[in-house]
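This report concerns only the one structure given below.
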Amino acid sequence: MPGTEAPPRERLAAVRDTIAHTAKIAGGPAEAVTLIAISKTVPAEGIEPLLAAGQRVFGENRVQEAQGKWPALRTRHPDVVLHLVGQLQSNKAVEAVALFDAIHSVDRSSLVQALGKAMGASGKRPDCFVQVNIGEEEQKGGVAIAELPALLAEAREAGLPIVGLMAVPPADVEPAPYFALLAKLAKDHGLARLSMGMSGDYETAVLLGSTEVRVGTALFGARA
Ligand SMILES: *Cc1c(COP(=O)(O)O)cnc(C)c1O
């Protein structure tokens, strides 16, 4: 693995190689896994090298920060696909639907309703992931496991295109059991996509069926 001092192009190649290798071990093609480059806190000039290296799928965790960076970058790279991976306030739903191609943080009834309205009004329907509080942690975003079936039903009723589940497992413990649980929940609900795995654990996530890994630090270096 190149260190964080390596050029962005090399880091990207290394992460892509690791994904391809791990996907093969897991029995699937590398193309089954989408690498989302999480560019939160990274200024446009830090994102350019990855765009130049061919990366097209990016993720941000704040609507306002993304609005400041991506419209300009997209005029030069109209094929960029932008994911929202952070907590979303209902009053930002209209802006989020306008800017993002996928939203990974659908986790409560009020947000489902706000997104449903925003999609109805704009006609734009970004792919939606329901975020699950997989470790049942008080401070974390995500719907409780027990409330997942009801929220999924409500989201479908509201017309949200729910494509999969997303989770961030508890810090500093072995993530595999949590990834396995998320995969089982997705399967039980007939959902094909799994947003799981970050810089520290994306290999484990791919082995357990992740279809979208969200990698920031391993591509851009440590955040300030
Ligand atoms: C920041 C962030 C990531 C990327 O984390 P790294 O450890 O830097 O790879 C992934 N998912 C979410 C939801 C994040 O907020």
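Taking the residues in the range 90-109 that are within 16 Å of the ligand (Cβ to nearest atom), over 9 Å from the mean Cα position of the chain (by Cα) and of a type outside the set (D, E, K, R) as candidates, determine which candidate is farthest from Val143 (Cα to Cα). So, considering only residues that are within 16 Å of the ligand (Cβ to nearest atom), over 9 Å from the mean Cα position of the chain (by Cα) and of a type outside the set (D, E, K, R), the one farthest from Val143 (Cα to Cα) is Phe100. Look at the range 1-22: where a residue is at pLDDT below 90 and a partner is exposed (fewer than 15 other Cβ atoms within 10 Å of the Cβ), sitting 6+ places away or on another chain with Cβ atoms under 7 Å, you get Pro2/Glu10; Thr4/Ala222. Summed over the range 117-139, the residues that are surrounded by fewer than 17 Cβ atoms within 10 Å (Cβ to Cβ) and under 18 Å from the mean Cα position of the chain (by Cα) give a count of 1.
Residues are listed down the side, and each one gets a yes or a no for (1) among the basic types (Lys, Arg); (2) within 16 Å of the ligand (Cβ to nearest atom); (3) modelled with pLDDT under 95:
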site	(1), (2), (3)
Val143	no, yes, no
Leu151	no, no, no
Glu157	no, no, no
Ile162	no, no, no
Ala205	no, yes, no
Gly221	no, yes, yes
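Anything in the range 80-116 that is of a type outside the set (A, V, I, L, M, F, W, C) and either out of contact with any strand residue (DSSP E or B) (no Cβ under 7 Å at 6 or more places or on another chain) or without any contact (Cβ under 8 Å) to a residue 12 or more places away in the chain (or both)? List them, or say none.
Gln89, Ser90, Asn91, Lys92, Glu95, Ser109, Ser110, Gln113, Gly116
Considering only residues that are touching a residue at least 24 places away in the same chain (Cβ under 8 Å), under 25 Å from Ile19 (Cα atoms) and among the small types (Gly, Ala, Ser), which ones fall in the range 144-187? Hits for the range 144-187 are Gly164, Ala167, Ala176, Ala180, Ala183.
Counting the residues of the range 140-152 that are in a helix (DSSP H, G or I) and surrounded by fewer than 19 Cβ atoms within 10 Å (Cβ to Cβ) gives 5. Scanning for something within 22 Å of Arg223 (Cβ to Cβ) and either touching a helix residue (DSSP H, G or I) at 6+ places or on another chain (Cβ under 9 Å) or aromatic (Phe, Trp, Tyr) (or both), does the range 74-82 turn up at least one residue? So far as the range 74-82 goes, yes, one or more of its residues are within 22 Å of Arg223 (Cβ to Cβ) and either touching a helix residue (DSSP H, G or I) at 6+ places or on another chain (Cβ under 9 Å) or aromatic (Phe, Trp, Tyr) (or both).
Mind checking which residues of the range 36-53 are of a type outside the set (Val, Ile, Thr) and touching a residue at least 40 places away in the same chain (Cβ under 8 Å)? Reasoning before the result, please.
At the first step, the residues of the range 36-53 found to be of a type outside the set (Val, Ile, Thr) are 37, 39-40, 43-46, 48-53.
Passing the criteria: Ala37, Ser39, Lys40, Gly46, Pro49, Leu50, Ala52, Ala53.
In the range 188-196, is there at least one residue being touching a residue at least 40 places away in the same chain (Cβ under 8 Å), within 14 Å of the ligand (Cβ to nearest atom) and in contact with a Ser or Thr (Cβ under 8 Å, 6 or more places away or on another chain)? Yes: one or more hits. Scanning the range 173-187 for residues that are in contact with a helix residue (DSSP H, G or I) (Cβ under 7 Å, 6 or more places away or on another chain) and away from the ligand (no atom under 16 Å from the Cβ) yields Ala176, Leu185. Go through the residues of the range 18-27 one by one and say whether even a single one is of a type in the set (Lys, Arg) and either touching a Pro at 6+ places or on another chain (Cβ under 7 Å) or closer than 29 Å to Gly141 by Cα (or both). No, that holds for no residue.
The values are calculated or read from the model by the stated rules, or taken from the named source; none is laboratory data. Computed from a predicted structure; not experimentally measured. With ideal geometry, Cβ positions are generated from the backbone for all residues, glycine too; neighbour counts draw on all protein chains shown.
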